[in-house]
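Colleague: I'd like to ask some things about the structure below.
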Amino acid sequence: MNTIDIDNTYVAHSYGRFPICITGGKGSILYDENGKEYIDFGAGIAVNSFGISDDVWKEAVIEQLNKVQHTSNLYYTEPCAKLAQMLCERTGMQKVFFSNSGAEANECAIKAARRYAFLKYGDGHSTIITLKNSFHGRTITTLAATGQDHFHHEFTPFTEGFVYAEANNIDDVIRLATENKCIAVMIEIVQGEGGVCPLDKEFVQAVRKFTEENDMLLIVDEVQTGNGRSGKLYAYMNYDVTPDIVSTAKGLAGGLPLGATMLGDKVKDVYTPGTHGSTFGGNPVCSAAAISVLKRIDDDLLADVCKKSEYVFSELTGADGVEEVTGMGLMIGIKCTKPAGDVVKACMEKGLLLLTAKDKVRLLPALNIDFETLKNGVAILKETIAE
Ligand SMILES: *Cc1c(COP(=O)(O)O)cnc(C)c1O
């Protein structure tokens with residue numbers, strides 16, 4: 001049997017995979033097992049921040065691999081400590097909890113908010129407002145936090161304590177907060193899985209003001225938008241707000257599993273020994289990878305991300321067959337007259353790998369994709385959408 005047959009036989013069928021087996025690549029070019037070449041506009045769903053098999057990233061990973069791969073959280077390791085320091089210094093957050101994924105980073109954010117409110121106000125103060133059309137993960141609790149009904153079937157009972165506000169409707173947030181004993185509002189700055197929809201700046205600022213005035217926490221889920229993706233280090237930085245809690249994962253370690261939950265001033269001491277934990281969290285190899293990634297997300301790289309973003313927007317806005325282009329930085333959604341799935345399939349045959357988000361084609365290329373590769377990919381996409 002070939003890889004695809006073995007996988008289909010033995011791997012749980014929770015994914016609808018494309019019939020491609022990736023065997024290697026370099027940067028934003030991938031190869032499948034037949035040697036076919038692809039331009040990669042997906043980057044492992046915003047994970048491979050510097051593409052495939054990047055030399056600087058590999059050096060950082062291998063250097064740490066040659067020292068120690070794991071110690072448990074009973075001991076200190078330098079990469080974990082240094083990474084936390086780096087994240088705090090670059091965001092103004094005060095402390096970081098490390099985990100292995102976006103869902104876990106959000107679980108940690110939710111637990112932090114619950115514990116903060118419990119210690120201050122006691123039992124019963126636990127409800128968190130999330131937004132309709134949001135996505136916060138696949139665990140039972142983060143599914144409950146996800147404001148999309150179609151995720152809410154078949155896995156009941158869910159964790160209680162989530163209510164869903166209309167995105168960009170501050171009155172709805174205030175209504176829900178008044179009806180329930182709400183402790184926090186949790187948002188994505190750009191709803192990624194929901195269709196690459198950026199929230200209105202005025203709305204996010206109004207949420208920040210309202211939560212501040214009512215001792216509610218603002219949690220920003222930067223699992224997808226974080227780590228340079230939006231053109232700033234974190235997407236909330238585009239909106240002139242300071243959250244109380246920021247969760248991130250996907251691109252943080254450039255291809256290794258690492259989640260981080262950053263805790264601001266109000267909640268920095270919410271976790272005391274024994275209140276939360278993760279066996280793999282803060283793993284030294286993943287942390288070393290993340291340090292290498294963050295070091296490279298400097299002003300020059302971010303300016304470059306914005307330039308590439310502008311290029312994609314200008315090429316595709318108003319192009320034949322394109323109804324709408326949305327997003328921020330190198331997180332871009334394209335609503336086409338044709339179904340998104342058809343565009344993705346046709347592009348795949350022409351050697352361009354894309355993603356979808358709801359009814360849109362979604363682009364999440366590596367932050368360092370070179371202009372030539374970007375241009376070639378956009379040309380294939382444009383031509384395919386227009387056909
Ligand atoms: C991908 C994603 C998650 C879930 O991350 P996992 O690593 O798959 O658990 C959570 N929130 C947002 C906004 C995401 O895009």
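Colleague: Among the residues of region 1-16, which ones are part of a loop (DSSP other than H, G, I, E, B) and touching a residue at least 12 places away in the same chain (Cβ under 8 Å)? Step through it out loud before you land on a result.
Modeller: Our first condition is that a residue be part of a loop (DSSP other than H, G, I, E, B); within region 1-16, this holds for 1-2, 11-16.
Of everything in region 1-16, just one residue is part of a loop (DSSP other than H, G, I, E, B) and touching a residue at least 12 places away in the same chain (Cβ under 8 Å), namely Asn2.
Colleague: Taking the conditions exactly as written (within 14 Å of the ligand (Cβ to nearest atom), at pLDDT 95 or above and hydroxyl-bearing (Ser, Thr, Tyr)), does Thr242 satisfy them or not? First the steps, then the outcome.
Modeller: Numbers: within 14 Å of the ligand (Cβ to nearest atom): no; at pLDDT 95 or above: yes; hydroxyl-bearing (Ser, Thr, Tyr): yes.
Criteria not met by Thr242.
Colleague: I would also like to ask the following. Would you please name the residue that is farthest from Leu381 (Cα to Cα), looking only at residues in region 297-329 that are in a helix (DSSP H, G or I) and of a type in the set (Gly, Ala, Ser)?
Modeller: Ala303
Colleague: Let me ask another. Please go through region 206-232 and pick out each residue that is within 16 Å of the ligand (Cβ to nearest atom) and either under 17 Å from Lys181 (Cα atoms) or assigned to a helix (DSSP H, G or I) (or both).
Modeller: Those that are within 16 Å of the ligand (Cβ to nearest atom) and either under 17 Å from Lys181 (Cα atoms) or assigned to a helix (DSSP H, G or I) (or both): Leu218, Ile219.
Colleague: Would region 359-381 turn up any residue that is closer than 21 Å to Arg17 by Cα, surrounded by fewer than 22 Cβ atoms within 10 Å (Cβ to Cβ) and either under 18 Å from the mean Cα position of the chain (by Cα) or in contact (Cβ under 8 Å) with a residue 60 or more places away in the chain (or both)?
Modeller: yes
Colleague: Based on what the data block shows, is Ile385 in contact (Cβ under 8 Å) with a residue 60 or more places away in the chain, closer than 17 Å to Glu323 by Cβ and either more than 24 Å from the chain's Cα centre (by Cα) or not in a loop (DSSP other than H, G, I, E, B) (or both)?
Modeller: yes
Colleague: Could you list, in sequence order, all residues of region 95-120 that are in a strand (DSSP E or B), more than 16 Å from the ligand (Cβ to nearest atom) and either small (Gly, Ala, Ser) or out of contact with any helix residue (DSSP H, G or I) (no Cβ under 6 Å at 6 or more places or on another chain) (or both)? Working first, answer last.
Modeller: The first filter runs over region 95-120 and keeps only residues in a strand (DSSP E or B), leaving 95-99.
Add one more test, that the residue is more than 16 Å from the ligand (Cβ to nearest atom), and what stays is 95-96.
The one that is in a strand (DSSP E or B), more than 16 Å from the ligand (Cβ to nearest atom) and either small (Gly, Ala, Ser) or out of contact with any helix residue (DSSP H, G or I) (no Cβ under 6 Å at 6 or more places or on another chain) (or both): Lys95.
Colleague: Then there's this: Pick from Leu256, Leu252: which is farther than 16 Å from Met328 by Cα, touching a Leu at 6+ places or on another chain (Cβ under 9 Å), at pLDDT 95 or above and in a loop (DSSP other than H, G, I, E, B)?
Modeller: Leu252 is the lone residue from the list that is farther than 16 Å from Met328 by Cα, touching a Leu at 6+ places or on another chain (Cβ under 9 Å), at pLDDT 95 or above and in a loop (DSSP other than H, G, I, E, B).
Colleague: Given the criterion surrounded by fewer than 20 Cβ atoms within 10 Å (Cβ to Cβ), in contact (Cβ under 8 Å) with a residue 24 or more places away in the chain and among the aliphatic types (A, V, I, L, M), identify the matching residue among Leu119, Leu83.
Modeller: Answer to the check: Leu119.
Colleague: Which one is farthest from the ligand (Cβ to nearest atom), of the residues in region 122-178 that are among the small types (Gly, Ala, Ser), closer than 16 Å to Ala105 by Cα and touching a residue at least 24 places away in the same chain (Cβ under 8 Å)? Quick ask: steps written out before the conclusion?
Modeller: First, pick out the residues of region 122-178 that are among the small types (Gly, Ala, Ser): 122, 124, 126, 134, 137, 144-145, 147, 161, 165, 167, 177.
Remaining after also requiring closer than 16 Å to Ala105 by Cα: 134, 137, 144-145.
Cutting the leftovers down to touching a residue at least 24 places away in the same chain (Cβ under 8 Å) gives us 134, 137, 145.
Details: Ser134: 8, Gly137: 4, Ala145: 9 Å.
Among those that are among the small types (Gly, Ala, Ser), closer than 16 Å to Ala105 by Cα and touching a residue at least 24 places away in the same chain (Cβ under 8 Å), it is Ala145.
The values are calculated or read from the model by the stated rules, or taken from the named source; none is laboratory data. Worth saying up front: this structure is predicted, and the values here are computed from it rather than measured. For neighbour counting, all protein chains shown are included, and Cβ atoms are generated from backbone atoms with ideal geometry for every residue, glycine included.
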